[in-house]
Amino acid sequence: MTASMSACGTQCGSMCRAGRRVPQFHGKWPFSRFLFVQEPASAFASLLNGLASFVMLLRYKAAVPPTSPMYPTCVAFAWVSVNAWFWSTVFHTRDTALTEKLDYFCASAVVLHSVYLCWVRTMGLRRPALIGVFRAFLLLFLACHISYLTLVRFDYGYNMAANVAIGLLNLLWWLWWCLRNRPRLPHVWKCAVVVLLLQAGALLELLDFPPLFWVLDAHALWHISTVPLNILFYSFLVDDSLYLLKANSDLSKAD
């Protein structure tokens, strides 16, 4: 799953529609300078996503025994996601250079951990010796990514291109696996729906339209749309982890 989260612009712009200039706030209310929260809709949506991830983490840990092969990977993914949504909430509450970087870097960590989760589930369980190698590669990539943005240049275009490319890789990888395993794993439809709708929802980031009710812009709507998808994806992880646990148990009995 791709937790594709990108920061809002920091300046209010405007666009021309039918000869009239329509104000664009990019998540910020026109009177946000008088409020503690600068981007109320996006901050609230990020908070909902974080709460959804945390609640589903608790549900996962309650439903899935630690002996399930995917247990540590899924739990780690949940904590990385909760952390990212926390910093997204902080950034949309107070837009500073530091909170912006934390929002971007933690979002990139979620994207890469999604790839790691996909690798472990689709290939790593059959090749456990390679899990550590792939994990080290992704950590090195994240370190280089953050170092470039921090020490060389904070390049918005590069950051966006990198996350989009990795997200598309994740999307195609999960879909390939879901299609291959659909006959024997009925729960994979949840994963396929999530990755497809996440990419479709990400298109909201490319749109520019007047904020609905002067509050809900494209970025805020994108964050809101990911709340139910988070829940559905964790439901898939629960079903799949229990399936793997049962499969391993049946294999042990056969031996």
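Assess whether Leu57 counts as being open to solvent by less than 20 Å² (accessible area, probe 1.4 Å) and modelled with pLDDT of 95 or more. Against the criterion (open to solvent by less than 20 Å² (accessible area, probe 1.4 Å) and modelled with pLDDT of 95 or more), Leu57 qualifies. Considering Ile231, Ile224, the condition of being at pLDDT below 90 and among the β-branched types (Val, Ile, Thr) is satisfied by Ile224 alone.
Any residue at all in region 124-137 that is part of a helix (DSSP H, G or I), open to solvent by 30 Å² or more (accessible area, probe 1.4 Å) and touching a His at 6+ places or on another chain (Cβ under 9 Å)? The answer is no, given that none of the residues of region 124-137 is part of a helix (DSSP H, G or I), open to solvent by 30 Å² or more (accessible area, probe 1.4 Å) and touching a His at 6+ places or on another chain (Cβ under 9 Å). If you go through region 64-75 and pick out every residue that is within 12 Å of Phe236 (Cα to Cα) and either open to solvent by 10 Å² or more (accessible area, probe 1.4 Å) or without any contact (Cβ under 8 Å) to a residue 12 or more places away in the chain (or both), you end up with 0.
Consider region 120-138 and keep the residues that are within 20 Å of the chain's Cα centre (by Cα) and in contact (Cβ under 8 Å) with a residue 24 or more places away in the chain. The one that is farthest from Trp85 (Cα to Cα) is Thr122. If the condition is being open to solvent by 30 Å² or more (accessible area, probe 1.4 Å) and not acidic (Asp, Glu), then region 84-104 contributes Phe86, Trp87, Val90, Arg94, Thr96, Ala97, Leu98, Lys101, Leu102. Residues of region 93-105 that are in a helix (DSSP H, G or I) and in contact (Cβ under 8 Å) with a residue 60 or more places away in the chain: Glu100, Asp103, Tyr104.
Within region 191-210, residues that are more than 21 Å from Arg180 (Cα to Cα) reach partners that are of a type in the set (Ser, Thr, Tyr) and at pLDDT 80 or above with beta carbons closer than 8 Å, at six or more positions or on different chains, in the pairs Gly201/Ser225; Gly201/Thr226; Leu204/Ser225.
The rows are residues; the columns are (1) polar (S, T, N, Q); (2) open to solvent by 90 Å² or more (accessible area, probe 1.4 Å); (3) part of a helix (DSSP H, G or I); (4) under 24 Å from Leu237 (Cβ atoms).
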{"position": "Leu142", "(1), (2), (3), (4)": "no, no, yes, yes"}
{"position": "Ser147", "(1), (2), (3), (4)": "yes, no, yes, no"}
{"position": "Thr150", "(1), (2), (3), (4)": "yes, no, yes, no"}
{"position": "Asn159", "(1), (2), (3), (4)": "yes, no, yes, no"}
{"position": "Asn163", "(1), (2), (3), (4)": "yes, no, yes, yes"}
{"position": "Cys178", "(1), (2), (3), (4)": "no, no, yes, yes"}
{"position": "Pro186", "(1), (2), (3), (4)": "no, yes, no, yes"}
{"position": "Lys190", "(1), (2), (3), (4)": "no, no, yes, yes"}
{"position": "Gly201", "(1), (2), (3), (4)": "no, no, yes, yes"}
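The values are calculated or read from the model by the stated rules, or taken from the named source; none is laboratory data. Keep in mind it's a predicted model, so treat the numbers as computed, not measured. So basically every Cβ, Gly included, is an ideal-geometry build from the backbone, and we count neighbours across all protein chains shown. In case anyone asks, the SASA skips ligands and DNA or RNA and just uses the protein heavy atoms, side chains included. Shrake-Rupley method; radii C 1.70, N 1.55, O 1.52, S 1.80 Å.
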